[in-house]
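What follows is one structure encoded as structure tokens, with my remarks underneath.
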Amino acid sequence: MGLKYDVASVLERETAITITNWYRLVEAEPSLTRIRISQGDRCAHLPEMFRDLVSRLNNPLPLGTRALESFAANQHGKLRREQGYTATMIVEESRMLQVSIFQTLQRNVEDTQPGVLLLYVMVIADEVDSQLAQTMNSFIESAD
């Protein structure tokens, strides 16, 4: 039996693959691809958002606690406004991000500590939603 990693280590190790898989989901969604931007521009915010997520997993907060402010999430909202996204499009991107993260965990489940996997999944969902809220806030504020 191999060495077990915690979920944060798996996500840190698999960040690039998870982002690639997220991009494939986004590119298959016509409502998102109507905004024509490069892969680099579409994915630019994700490495920093993953660092924020891994940090949250390594430094747990009680579920439901407001996470620390994410510079990447705030910038992402402003940029998506400039790129012509709608609020619905941002939410759809976030949903696809959670799907991609959970698929990464599923592919690497043998490398995780099963006793705490559900707790980590809840933290991931909480953090992604917190980042989404921050993104939406900056998206709305940048309309003014």
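The values are calculated or read from the model by the stated rules, or taken from the named source; none is laboratory data. In this text, all values refer to a predicted model and were calculated from it rather than measured experimentally. Neighbour counts are summed over all protein chains in view; Cβ atoms, including those assigned to glycine, are modelled from backbone coordinates with ideal geometry.
Being loosely packed, with under 13 Cβ neighbours inside 10 Å, at pLDDT below 95 and small (Gly, Ala, Ser) holds for only one residue in Ala67, Ala143, and it is Ala143.
Of the residues contained in the stretch 92-104, one or more are found to be within 15 Å of His45 (Cβ to Cβ), hydroxyl-bearing (Ser, Thr, Tyr) and touching a Leu at 6+ places or on another chain (Cβ under 8 Å).
Taking the criterion of being buried (at least 16 other Cβ atoms within 10 Å of the Cβ) and either in a helix (DSSP H, G or I) or of a type in the set (A, V, I, L, M) (or both), the residues of the stretch 104-127 that qualify are Thr104, Leu105, Asp111, Tyr120, Val123, Ile124, Asp126, Glu127. With respect to the conditions (1) at pLDDT 90 or above; (2) among the acidic types (Asp, Glu); (3) more than 28 Å from Arg80 (Cβ to Cβ), Asp129 lacks only one, and its number is (3). The residue pairs whose first member lies in the stretch 116-144 and is more than 15 Å from Glu92 (Cα to Cα), whose second member is surrounded by fewer than 18 Cβ atoms within 10 Å (Cβ to Cβ) and of a type in the set (Gly, Ala, Ser), and whose beta carbons are closer than 9 Å, counting only pairs six or more residues apart or on different chains, are Asp126/Gly64; Ile140/Ala87. Based on what the data block shows, is Gly84 in contact (Cβ under 8 Å) with a residue 12 or more places away in the chain and either surrounded by fewer than 15 Cβ atoms within 10 Å (Cβ to Cβ) or touching a Ser or Thr at 6+ places or on another chain (Cβ under 7 Å) (or both)? Judged against the criteria, Gly84 is a match.
Of all residues in the stretch 91-103, none satisfies being farther than 20 Å from Leu32 by Cβ and either surrounded by 13 or more Cβ atoms within 10 Å (Cβ to Cβ) or within 11 Å of the chain's Cα centre (by Cα) (or both). Please work out which one of (1) more than 22 Å from Gln106 (Cα to Cα); (2) loosely packed, with under 14 Cβ neighbours inside 10 Å; (3) aliphatic (A, V, I, L, M) is the condition Ala16 fails and give its number. Result: Ala16 fails condition (1) only. In the stretch 35-64, how many residues are loosely packed, with under 11 Cβ neighbours inside 10 Å, farther than 22 Å from Ser130 by Cβ and either basic (Lys, Arg) or in contact (Cβ under 8 Å) with a residue 24 or more places away in the chain (or both)? Total satisfying the criteria: 1. The residue that is surrounded by the fewest Cβ atoms within 10 Å (Cβ to Cβ), among those in the stretch 21-34 that are under 21 Å from Glu127 (Cα atoms) and in contact (Cβ under 8 Å) with a residue 24 or more places away in the chain, is Leu25.
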